[in-house]
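A short write-up of the structure that comes next.
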Protein chains: 2
Amino acid sequence: MHGASMALSEFELITRYFRTCGAQRRDVALGVGDDAALLECPPGMQLVATTDTLVAGVHFPTSAPAASIGHRALAVNLSDIAAMGARPAWALLALTLPAADEAWLTEFAAGFGSLARAHEVALAGGDTTRGPLTITVQLLGHVPHGRALTRAGGRAGDLLFVSGSPGDAGAGLAIEQGRLAAPPAAAPYLRERFLLPTPRVALGERLRDYARACIDVSDGLLGDAAKLAAASGVGLEIFFGELPVSAPLLQALGPDAARELALTAGDDYELLFAVDPARAAELERELPPAQWNYRQIGVLRAAPGAVVTRDGTVMEFSHSGYQHFA
Amino acid sequence: MHGASMALSEFELITRYFRTCGAQRRDVALGVGDDAALLECPPGMQLVATTDTLVAGVHFPTSAPAASIGHRALAVNLSDIAAMGARPAWALLALTLPAADEAWLTEFAAGFGSLARAHEVALAGGDTTRGPLTITVQLLGHVPHGRALTRAGGRAGDLLFVSGSPGDAGAGLAIEQGRLAAPPAAAPYLRERFLLPTPRVALGERLRDYARACIDVSDGLLGDAAKLAAASGVGLEIFFGELPVSAPLLQALGPDAARELALTAGDDYELLFAVDPARAAELERELPPAQWNYRQIGVLRAAPGAVVTRDGTVMEFSHSGYQHFA
């Protein structure tokens with residue numbers, strides 16, 4: 001069971017690479033190195049907790065740079081915290097590795113750590129085990145009591161917005177896997193959108209004041225929008241022509257295929273949110289779309305189901321998003 | 001990347017098997033099904049957070065019953081919370097599966113859920129992904145402010161106690177793997193000690209009043225005792241003849257090999273704790289050892305290092321505990 005001898009003990013591994021990897025926070029009373037971490041919950045706040053796993057060969061190509069894997073493992077969890085309108089605080093890292101490769105660990109910790117420090121997230125604990133490369137991060141954050149954004153608050157008539165330019169990461173993954181040949185001017189940007197996604201943490205926190213419902217776009221925009229609508233007990237319409245697509249994605253795919261990918265590709269880690277139309281002007285004044293990088297792409301409707309329309313006509317799609325088991 | 005079609009979507013999987021799997025708790029404001037869970041921290045308490053991963057073929061044989069895997073994935077984390085003197089509250093489950101096998105999931109959820117309900121732990125969230133069988137649980141609990149037990153509080157002269165009968169689980173694993181042939185009267189008990197370990201949660205909470213340092217015995221008693229001593233800045237002596245070994249383990253191995261296994265085997269999930277000798281009488285009066293199932297096995301000493309003695313003579317061991325990467 002216990003595998004071949006390797007240079008470093010688990011204990012040394014954890015200590016060396018992760019003890020000072022994240023932000024240093026005063027609310028971590030006891031961090032990495034004991035049986036569990038001790039953390040101080042701020043009064044008046046609810047705790048927000050999420051976990052996401054990345055598996056080599058499933059969620060990223062085994063060829064991905066270690067720094068990207070470290071970045072993405074934290075980013076996908078930051079994106080969930082952002083979708084709740086919360087502020088991240090503490091991470092636990094469960095890292096399963098086939099071998100204790102010091103160069104890989106150094107890079108992984110650099111990718112994880114620099115994103116953690118950028119969001120003031122402390123790495124408070126973890127577990128290192130031997131096995132197929134798998135990374136599970138648990139992220140804890142805070143939100144003022146009763147103020148969290150959920151998927152369930154949307155109402156018919158709400159305007160539906162999305163941040164960023166969905167589809168970029170899906171194209172980047174296809175390039176990384178050799179399934180898509182993009183022009184040299186477009187490829188580096190698209191690959192980076194897959195390898196180093198930007199969780200919209202600051203936007204999520206600000207949206208507490210404006211959005212009625214919010215979801216993290218990770219499994220495909222259309223499928224995730226349908227989840228928000230279903231949780232809110234409504235349907236939705238997405239305006240195909242309004243889907244924001246980046247110039248490199250347009251360059252790589254042309255306008256129609258780019259927008260189809262924006263609807264169905266995964267790995268975006270953008271925010272999709274529903275706003276009362278009566279609040280939209282204030283939202284756009286306080287959080288200018290050009291600066292905060294979001295755009296209206298549809299509406300919530302009373303009729304159930306998710307439809308995409310183009311010039312008022314319903315479009316058909318065979319694939320409504322990434323399902324891990326579908 | 002996305003694998004072959006299977007019967008159930010990730011979303012349905014999570015909902016069906018895990019939404020009502022654990023205890024129902026009023027401090028879970030929002031559980032499984034949104035981007036993150038919303039939890040209410042009780043005032044005056046510190047949050048205790050831990051994570052542990054089990055990998056098929058590394059931490060358990062691939063032949064292990066699914067109910068045992070579910071039980072163990074939670075038990076190993078409960079044991080960490082117990083070692084802090086804390087009370088568990090909320091779990092997140094990150095489950096990576098090669099396929100969506102409904103019979104397996106039903107059994108897994110039954111094993112996880114019955115232990116969770118026994119300890120009033122709610123399953124507040126999780127992630128289900130496709131890949132090699134790997135289970136990561138994150139467990140959150142509470143401890144009164146400043147009252148947590150750590151590894152670091154022991155002092156020279158403290159009495160060292162251990163709960164249960166270490167070595168049983170190691171023998172059980174060897175039987176499960178066909179490496180050990182135990183008598184028919186002993187084998188079922190030993191296998192069960194591996195497959196269904198008992199985290200000492202109630203004992204851990206009570207030890208807040210008596211112990212100065214505590215650690216979860218998971219990687220081998222001698223190695224874990226050395227970690228406690230090192231964190232406390234002292235050394236330790238274990239009395240070989242005082243090591244508690246179960247009747248089935250004695251029957252399977254005889255007294256010397258049984259005690260060697262008790263020192264070095266992993267997977268015990270017992271508590272090792274250090275007590276001021278001036279408090280020992282009170283400890284044994286308030287928590288009778290026969291009822292709470294623990295025993296003195298050694299002392300902390302000023303001299304650094306970990307030694308095992310038999311009739312006053314130091315014994316030599318080649319292997320001081322399970323290291324995942326050693």
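The values are calculated or read from the model by the stated rules, or taken from the named source; none is laboratory data. The structure displayed is predicted, hence computed values, not measured ones. All Cβ positions, glycine included, derive from the backbone under ideal geometry; neighbour counts span all protein chains shown. Just the protein is used for accessible areas: all its heavy atoms, side chains included, with ligands, DNA and RNA removed. Shrake-Rupley method; radii C 1.70, N 1.55, O 1.52, S 1.80 Å.
So B:D35 ticks every box in (1) touching a residue at least 12 places away in the same chain (Cβ under 8 Å); (2) of a type in the set (D, E, K, R); (3) at the interface with chain A (Cβ under 8 Å from one of its Cβ atoms) but one. Which box is left unticked?
Unmet for B:D35, out of (1) touching a residue at least 12 places away in the same chain (Cβ under 8 Å); (2) of a type in the set (D, E, K, R); (3) at the interface with chain A (Cβ under 8 Å from one of its Cβ atoms): (1).
Looking at A:G131, A:G85, A:G111, which is the one that is at positive phi and either open to solvent by 40 Å² or more (accessible area, probe 1.4 Å) or touching a helix residue (DSSP H, G or I) at 6+ places or on another chain (Cβ under 6 Å) (or both)? Lay out the reasoning, then the answer.
Numbers: A:G131 fails: either open to solvent by 40 Å² or more (accessible area, probe 1.4 Å) or touching a helix residue (DSSP H, G or I) at 6+ places or on another chain (Cβ under 6 Å) (or both); A:G111 fails: at positive phi.
After applying the criteria, what remains is A:G85.
Tell me whether region A:48-63 contains one or more residues that are away from chain B (no Cβ under 12 Å) and surrounded by fewer than 23 Cβ atoms within 10 Å (Cβ to Cβ).
Step one: filter region A:48-63 for residues away from chain B (no Cβ under 12 Å), giving A:63.
The next check asks that each one be surrounded by fewer than 23 Cβ atoms within 10 Å (Cβ to Cβ); those that pass are A:63.
Yes, there is a match, as at least one residue in region A:48-63 is away from chain B (no Cβ under 12 Å) and surrounded by fewer than 23 Cβ atoms within 10 Å (Cβ to Cβ).
Checking the condition more than 11 Å from every other protein chain (Cβ to nearest Cβ) and either crowded, with 20+ Cβ neighbours inside 10 Å or over 29 Å from B:V55 (Cβ atoms) (or both), which residue from A:A124, A:A116, A:A148, A:A152 passes?
A:A116
All but one of (1) of a type outside the set (G, A, S); (2) at pLDDT below 95; (3) out of contact with any Asp or Glu (no Cβ under 9 Å at 6 or more places or on another chain) hold for A:T129; state the number of the condition that does not hold.
Result: A:T129 passes all but (3).
Which of the numbered conditions does A:E176 fail, given that it passes all the others? Conditions: (1) more than 13 Å from the chain's Cα centre (by Cα); (2) acidic (D, E); (3) at pLDDT 95 or above.
(3)
Just checking, which of A:R212, A:R206 is in the same structural domain as A:P289 (by TED's automatic domain parsing), at pLDDT 95 or above, in a strand (DSSP E or B) and more than 16 Å from the chain's Cα centre (by Cα)?
Exactly one of A:R212, A:R206 is in the same structural domain as A:P289 (by TED's automatic domain parsing), at pLDDT 95 or above, in a strand (DSSP E or B) and more than 16 Å from the chain's Cα centre (by Cα), namely A:R212.
Just give me the residues in region B:250-271 being touching a Pro at 6+ places or on another chain (Cβ under 9 Å), open to solvent by less than 20 Å² (accessible area, probe 1.4 Å) and part of a helix (DSSP H, G or I), in sequence order.
Answer for region B:250-271, where residues must be touching a Pro at 6+ places or on another chain (Cβ under 9 Å), open to solvent by less than 20 Å² (accessible area, probe 1.4 Å) and part of a helix (DSSP H, G or I): B:A262, B:L263.
All but one of (1) away from chain A (no Cβ under 14 Å); (2) β-branched (V, I, T); (3) in contact with a His (Cβ under 7 Å, 6 or more places away or on another chain) hold for B:V201; state the number of the condition that does not hold.
It is condition (1) that B:V201 fails.
Looking only at residues that are farther than 26 Å from A:L39 by Cα and either in contact (Cβ under 8 Å) with a residue 24 or more places away in the chain or touching a Gly at 6+ places or on another chain (Cβ under 7 Å) (or both) in region A:79-102, which one is nearest to the other protein chains (Cβ to nearest Cβ)?
Within region A:79-102, the subset farther than 26 Å from A:L39 by Cα is A:97-102.
If we keep only those that are either in contact (Cβ under 8 Å) with a residue 24 or more places away in the chain or touching a Gly at 6+ places or on another chain (Cβ under 7 Å) (or both) too, we end up with A:97-100, A:102.
Details: A:L97: 8, A:P98: 10, A:A99: 8, A:A100: 5, A:E102: 11 Å.
Top of the filtered list is A:A100.
Might you let me know whether region B:231-249 holds any residue that is within 16 Å of B:Y294 (Cα to Cα), open to solvent by 20 Å² or more (accessible area, probe 1.4 Å) and touching a helix residue (DSSP H, G or I) at 6+ places or on another chain (Cβ under 6 Å)?
Yes, because at least one residue in region B:231-249 is within 16 Å of B:Y294 (Cα to Cα), open to solvent by 20 Å² or more (accessible area, probe 1.4 Å) and touching a helix residue (DSSP H, G or I) at 6+ places or on another chain (Cβ under 6 Å).
Return the pair list, or none, for Cβ contacts closer than 8 Å from residues in region A:258-270 that are under 18 Å from A:L160 (Cβ atoms) and among the β-branched types (V, I, T) to residues that are open to solvent by 20 Å² or more (accessible area, probe 1.4 Å) and outside any helix (DSSP H, G or I), at least 6 apart or on different chains.
A:T264/A:F317; A:T264/A:H319; A:T264/A:S320
If you go through region B:258-275 one residue at a time, do you hit one that is more than 21 Å from the chain's Cα centre (by Cα) and over 25 Å from B:N77 (Cα atoms)?
Looking through region B:258-275, none of the residues is more than 21 Å from the chain's Cα centre (by Cα) and over 25 Å from B:N77 (Cα atoms).
Across region A:165-189, what is the number of residues that are in contact with a Lys or Arg (Cβ under 7 Å, 6 or more places away or on another chain) and in a loop (DSSP other than H, G, I, E, B)?
0
So B:I69 ticks every box in (1) facing chain A (nearest Cβ under 7 Å); (2) at pLDDT 95 or above but one. Which box is left unticked?
B:I69 satisfies all of (1) facing chain A (nearest Cβ under 7 Å); (2) at pLDDT 95 or above except (1).
All but one of (1) open to solvent by 10 Å² or more (accessible area, probe 1.4 Å); (2) more than 11 Å from every other protein chain (Cβ to nearest Cβ) hold for B:G167; state the number of the condition that does not hold.
(1)
Based on what the data block shows, is B:R208 of a type in the set (K, R), in contact (Cβ under 8 Å) with a residue 24 or more places away in the chain and closer than 21 Å to B:H142 by Cα?
Details: of a type in the set (K, R): yes; in contact (Cβ under 8 Å) with a residue 24 or more places away in the chain: yes; closer than 21 Å to B:H142 by Cα: yes.
Yes.
So B:A99 ticks every box in (1) open to solvent by 10 Å² or more (accessible area, probe 1.4 Å); (2) over 15 Å from B:Y17 (Cβ atoms) but one. Which box is left unticked?
Of everything listed in (1) open to solvent by 10 Å² or more (accessible area, probe 1.4 Å); (2) over 15 Å from B:Y17 (Cβ atoms), B:A99 misses just condition (2).
Specify the residue that is nearest to the other protein chains (Cβ to nearest Cβ); the eligible residues are those in region B:211-221 that are farther than 14 Å from B:P199 by Cα and surrounded by fewer than 24 Cβ atoms within 10 Å (Cβ to Cβ).
B:D219
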